[in-house]
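Please read the structure below before turning to the comments.
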Amino acid sequence: MLHERYDRWYEENRILAANEAKAVSRALEGAPRPILEVGVGTGFFASLVGAEAGLDPSLGMLRKARERGVPLLVAGVGERMPFRSRVFGSALIVVTLCFADDPQELLRETWRILAWGGVLVSCIVPRDSSWGEYYEARGRAGHPFYSKARFITNSMHHYMLRSVGFSLERQLATLSFKPWERPREEEPVEAWSGDYGFVCTRARKHHAI
């Protein structure tokens with residue numbers, strides 16, 4: 001089952017997962033609740049940050065997320081979220097934009113469901129990073145997940161966030177080592193650019209004028 005293979009990645013790549021988890025947690029510090037993870041998958045990040053809700057189109061993924069204790073789980077896609085406007089304090093998107101049919105619409109919907117002053121933490125593997133190039137190569141070789149991904153660059157990510165109404169606040173980056181190097185634990189750093197394999201941009205939906 002694909003959701004089981006997906007979940008095994010966290011076990012087989014514990015140092016990478018731990019580094020990414022630190023970046024996600026740091027980027028969400030002080031963010032208003034409740035938190036929704038869009039593309040919750042098997043609930044790895046949602047359970048770590050105590051997200052109150054998760055959305056995913058895969059029932060298999062949602063079953064795993066339930067086992068991890070995510071309280072509210074809903075089947076659906078980010079481009080058409082089954083939630084009322086302005087009901088969440090924060091949203092988390094972790095390497096989901098590259099798998100979305102329409103990432104711009106997903107971000108627009110995320111803006112809609114956030115309260116005024118709400119926070120979005122959106123994490124990507126930049127296409128123009130060593131890790132992005134590595135995953136794209138694995139996709140071309142037929143990997144069941146990466147072959148479906150359309151990675152974006154850091155600058156494209158920032159443009160998309162701004163274009164739907166978010167203002168950027170900070171960015172946490174990690175995985176400064178290359179895919180062929182031995183993984184090492186590291187703390188996330190504040191960085192708007194550089195060759196990092198995992199970056200989390202924190203943005204805000206400002207109050208209406």
Test: ALA141 is free of Cβ contacts under 8 Å to residues at least 60 places away in the same chain and either small (Gly, Ala, Ser) or within 27 Å of GLU29 (Cβ to Cβ) (or both): yes
Any idea which residue in region 24-57 is surrounded by the fewest Cβ atoms within 10 Å (Cβ to Cβ), counting only those that are touching a Phe, Trp or Tyr at 6+ places or on another chain (Cβ under 6 Å) and in contact (Cβ under 8 Å) with a residue 40 or more places away in the chain? PRO34
From the options GLY89, GLY132, GLY142, GLY118, residue that is at positive phi and either out of contact with any His (no Cβ under 9 Å at 6 or more places or on another chain) or surrounded by fewer than 19 Cβ atoms within 10 Å (Cβ to Cβ) (or both): GLY142
For the subset of region 154-209 comprising residues that are modelled with pLDDT under 95 and out of contact with any strand residue (DSSP E or B) (no Cβ under 7 Å at 6 or more places or on another chain), which member is farthest from ASN19 (Cα to Cα)? ILE209
Run LEU106 past the list (1) more than 22 Å from ARG86 (Cβ to Cβ); (2) modelled with pLDDT of 95 or more; (3) of a type outside the set (Val, Ile, Thr) and report the number of the one that doesn't hold. (1)
In this structure, is GLY69 at pLDDT 95 or above, touching a Gly at 6+ places or on another chain (Cβ under 8 Å), crowded, with 16+ Cβ neighbours inside 10 Å and closer than 20 Å to ALA21 by Cβ? no
Mind checking which residues of region 80-101 are more than 15 Å from the chain's Cα centre (by Cα) and not in a strand (DSSP E or B)? ARG80, MET81, PRO82, PHE83, ARG84, SER85, ARG86, VAL87, ASP101
Among the candidates ARG108, ARG112, ARG63, ARG150, residue that is surrounded by fewer than 20 Cβ atoms within 10 Å (Cβ to Cβ), basic (Lys, Arg), under 16 Å from the mean Cα position of the chain (by Cα) and in a helix (DSSP H, G or I): ARG108
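The values are calculated or read from the model by the stated rules, or taken from the named source; none is laboratory data. Keep in mind the model is a prediction, meaning the values are calculated, not measured. In this analysis, Cβ positions are derived from the backbone assuming ideal geometry, glycine residues included, and neighbour counts consider all displayed protein chains.
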